[in-house]
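Just so you know, all these numbers are worked out from the coordinates, no wet-lab data involved. Please read all numbers here as calculations on a predicted model, not as lab measurements. No Cβ is skipped: glycine too gets one built from the backbone with ideal geometry, and neighbour counts run over all protein chains shown.
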Amino acid sequence: MKVSDLNPSEYNIYYKTYIDKVSKEVNLMDGFINGQNNILKFFKDIPEDKLGYRYAKDKWSIKEVLQHIIDTERVFMYRCFRIARHDSTPLVGFEQDDFIKPSRADEKSLKLLIEEYQSVRQSFIVLLKSLNNVDLQCLGHASGNPLSARAAAFIILGHEIHHIEVIKNRYL
């Protein structure tokens, strides 16, 4: 399954920015495995003294960006799971800024954040392995908009690419 298989009716237009960052030829499972490798290498290569850096007073630190990537993946994995299980209950949105402060990301070591990321990513990979194409094409609702299970997964791939680009452009 590739991102080019998605129909724009499977997700809110807001997520097009993320979906467009995923190569049209990337297979979903390969995207998750390669994405994990890219995230791990990228964050491990950042000097320790840069991890708490904020490019502006009201912006997240690099550790908080990684925590945001983790938290967003958790939320979208849950959305993917519920939708793929044919649950038609509308799923509520989440306010990303409300998650950061209680996460205490800046108090965590990079090692712990990496462990957390790997655990969440591995869980999503195992979930995706357990789903067939019919499950992945199921359509539900999240944040008041249509969302397919597969779109939830592809959004995560583009979301992490987006944040790596932001860190490269504004933090490093």
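With coordinates expressed along the principal axes, the C-alpha atoms belonging to the stretch 1-69 extend over 42, 26, 15 Å, beginning with the largest. Its Cα gyration tensor gives the stretch 3-170 an equivalent ellipsoid, and the semi-axes of that ellipsoid, as √(5λ) in whole Å with the largest first, are 27, 17, 15.
Under Stokes-Einstein, with the Kirkwood radius over Cα pairs standing in for Rh, what whole-number D in µm²/s applies to the stretch 88-165 at 4 °C and 1.567 mPa s? Could the numbers behind the result be given before it?
Values: Rh = 14.7 Å.
Translational diffusion coefficient: 88 µm²/s.
Could you compute the FRET efficiency for LYS57 and VAL134, with r as their C-beta to C-beta distance and R0 at 35 Å, rounded to 0.05? It comes to 0.10.
So what is the 222 nm mean residue ellipticity for the chain from helices alone, if each DSSP H run of at least 4 adds -39500 (n - 2.57) and you divide by all residues, rounding to the nearest 500 deg cm²/dmol?
Values: 7 runs with 99 residues, N = 172.
Taking each H run of at least 4 residues, the total per residue is -18500 deg cm²/dmol.
With 26 Å as the limit on Cα-Cα distance, the pairs of LYS41/LYS108; LYS2/LYS108; LYS57/LYS168; LYS59/LYS129 that go past it are LYS2/LYS108; LYS59/LYS129. I'd like the distance separating the alpha-carbon centroids of the stretch 11-26 and the stretch 56-73, in whole Å. Rounded to whole Å, the Cα centres lie 21 Å apart.
A straight chain from THR89 to ARG170 at 0.36 nm per residue would run longer than the Cα-Cα distance by 25.3 nm. Measuring nothing but how far apart in sequence close Cα pairs (under 8 Å, 6+ apart) lie, relative to its length, the stretch 65-168 scores a relative contact order of 45 percent.
What number comes out for the charge environment of ARG54, summing +1 per Lys or Arg and -1 per Asp or Glu over other residues with Cβ under 11 Å away? Display every interim value, and only then the final one.
Working: positive: LYS50, LYS57, LYS59, LYS63, ARG170; negative: ASP58, GLU64, ASP106.
My count for the surroundings of ARG54 gives +2.
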